[in-house]
1. What number goes with the only condition from (1) on the phi > 0 side of the Ramachandran plot; (2) over 21 Å from the mean Cα position of the chain (by Cα) that Asn300 does not pass?
2. Residues in the range 90-111: is at least one modelled with pLDDT under 80, open to solvent by less than 30 Å² (accessible area, probe 1.4 Å), in a loop (DSSP other than H, G, I, E, B) and closer than 20 Å to Asn38 by Cβ?
3. Quick one: which residue in Lys269, Lys232 is within 30 Å of Pro333 (Cβ to Cβ) and either among the charged types (D, E, K, R) or in contact with a His (Cβ under 7 Å, 6 or more places away or on another chain) (or both)?
4. Going by the structure shown, is Phe50 open to solvent by less than 50 Å² (accessible area, probe 1.4 Å) and over 29 Å from Met164 (Cβ atoms)?
5. Restricting the first residue to the range 291-310 and requiring it to be more than 17 Å from Gly360 (Cβ to Cβ), which pairs with a second residue that is surrounded by 13 or more Cβ atoms within 10 Å (Cβ to Cβ) meet a Cβ separation below 6 Å and a spacing of at least six or different chains?
6. Restricting the search to the range 1-21, which residues are surrounded by fewer than 17 Cβ atoms within 10 Å (Cβ to Cβ) and either in a helix (DSSP H, G or I) or acidic (Asp, Glu) (or both)?
7. Where residues in the range 256-274 are assigned to a helix (DSSP H, G or I) and of a type in the set (Asp, Glu), which of them is most open to solvent (accessible area, probe 1.4 Å)?
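The values are calculated or read from the model by the stated rules, or taken from the named source; none is laboratory data. All figures in this text were calculated on a predicted structure; none of them were measured in a lab. Using ideal geometry, Cβ is built from the backbone for each residue, glycine included, and neighbour counts are taken over all protein chains shown. For accessibility, only protein heavy atoms count, side chains too; no ligands or nucleic acids. Shrake-Rupley method; radii C 1.70, N 1.55, O 1.52, S 1.80 Å.
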Amino acid sequence: MKIIRLVMDRQMYPVIVFSFSKKECEGNAAAMSKLNFNTPEEDALVEEVFKNAIENLGEEDQQLPAIEHLLPLLRKGVGIHHSGLLPILKEIVELLFQSGLVKVLFSTETFAMGLNMPARTVVFTALKKFDGDSNRFLTGGEYIQMSGRAGRRGLDRVGVVIAMIDEAVKPDVLKTMVSGGADVLNSSFHLTYNMILNLLRVEDINPTYVMMRSFAQFQRERTRPQLEDRLKLLTSQRDDITISDDQEKALLQYFRCKSQIQRKEEERKAIMRDPKYLAQYMVEGRFVHIIRASDKTDFNIGVVRSINKVMNTVNVSVICAKVDPAAPNSFTPRHVTDYDSETAALYTVPFTFDDVDTTGRHRCVKLTDQEIIQSISKMHLSLIHISEPTRLLSISYAVFCLKKKKKKYTGTRSKAI
């Protein structure tokens, strides 16, 4: 509200406020209900235009909450535009905005696509959006498309763009966003049997002709010269390679050593996952690295909550995307660096001993979910420079297991954090 007041005081209107959710648009507009940006003459004109536009609707339709709630805002020079509005309401808002009767418009990014609705000022409530999978920063194309609404041709010498940033952002991210080019457009054309059969049913249509005229084929043909040049380059580089007998022997020895290391690593993990050794380390609060054996899904670092020594299973709290109520047992792992309270949460998921990749020597005891997430984040930051996945967590217990197999050994007590 302070930013809107500043914009209005400096007469930098009309202004478009871009939000990335319908709920946020309506909430921000409702917060402006106490302010009035229109004169009495403009107020009356807005009401006249609005009533003339909806008079063709039925009486019941005119009493819909969406219609009744929008008029008081429009009379004050505040508008809302998103895909959840009725088409006629969106047309009214667009007409009033073009006429200068709506000074402040709260909209989603769809308003920037295909509509010639320039403004003097554009405000971003955030620089991150949820794309259906995760919260990410805007791409260069998205930012340019929305910020390009600032500045009306022939009316404004410059356009003003205000971005509200509520978290630390790296300069490189902002630089890429502001100066980045348009998003790459790739064809999603996919040839299927059903498509071929449907084309064959239509007379005078050749499936080959349709495919040759597709955008996907155009992209392939455009990149064909570069691919052919690269093929020639790689072929010439391959032909220029000469390997002596000594080099060939060294290379074979390298692959033998690498294969032997992989076998030893598999043997080490097999011993490590043996229930009689692993069970004693699966105590509440232990940090573990989970990689599901069935599909190799990496659940990253988690915290042990309980263990079933009879079934050789362990319940581990891991960060996952918020579960869809329609599929309550489907968990999608989310890395701690991508954690957001709106789209992810801490879930306790059952795993088998085979899913435990490594365990740590640290434990977190009697912590809340939020404190556990903070502890996982701290551990990630402390180990961020370690390149090998198997070194993400301490593997000292594996040495203990190997030694115990040969002789009696007393391990050190684990630390708790």
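1. Failing condition for Asn300: (2).
2. No, the range 90-111 contains no residue that is modelled with pLDDT under 80, open to solvent by less than 30 Å² (accessible area, probe 1.4 Å), in a loop (DSSP other than H, G, I, E, B) and closer than 20 Å to Asn38 by Cβ.
3. The unique qualifying residue is Lys269.
4. So Phe50 fits the description; yes.
5. Arg292/Asp355; Ala293/Asp354; Ala293/Asp355; Ser306/Asn315; Lys309/Ala279
6. Narrowing the range 1-21 to residues surrounded by fewer than 17 Cβ atoms within 10 Å (Cβ to Cβ): 1-3, 5-6, 9-11, 21.
Across the range 1-21, the qualifying residues are Lys2, Ile3, Arg5, Leu6, Asp9.
7. This residue is Glu266.
Per-residue answers, yes or no, for (1) in contact with a strand residue (DSSP E or B) (Cβ under 6 Å, 6 or more places away or on another chain); (2) modelled with pLDDT of 85 or more; (3) of a type in the set (Phe, Trp, Tyr):
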site: Arg286; (1), (2), (3): yes, yes, no
site: Ile290; (1), (2), (3): yes, yes, no
site: Lys296; (1), (2), (3): no, yes, no
site: Ser306; (1), (2), (3): yes, yes, no
site: Met311; (1), (2), (3): no, yes, no
site: Asn315; (1), (2), (3): yes, yes, no
site: Ala321; (1), (2), (3): yes, yes, no
site: Ala327; (1), (2), (3): no, no, no
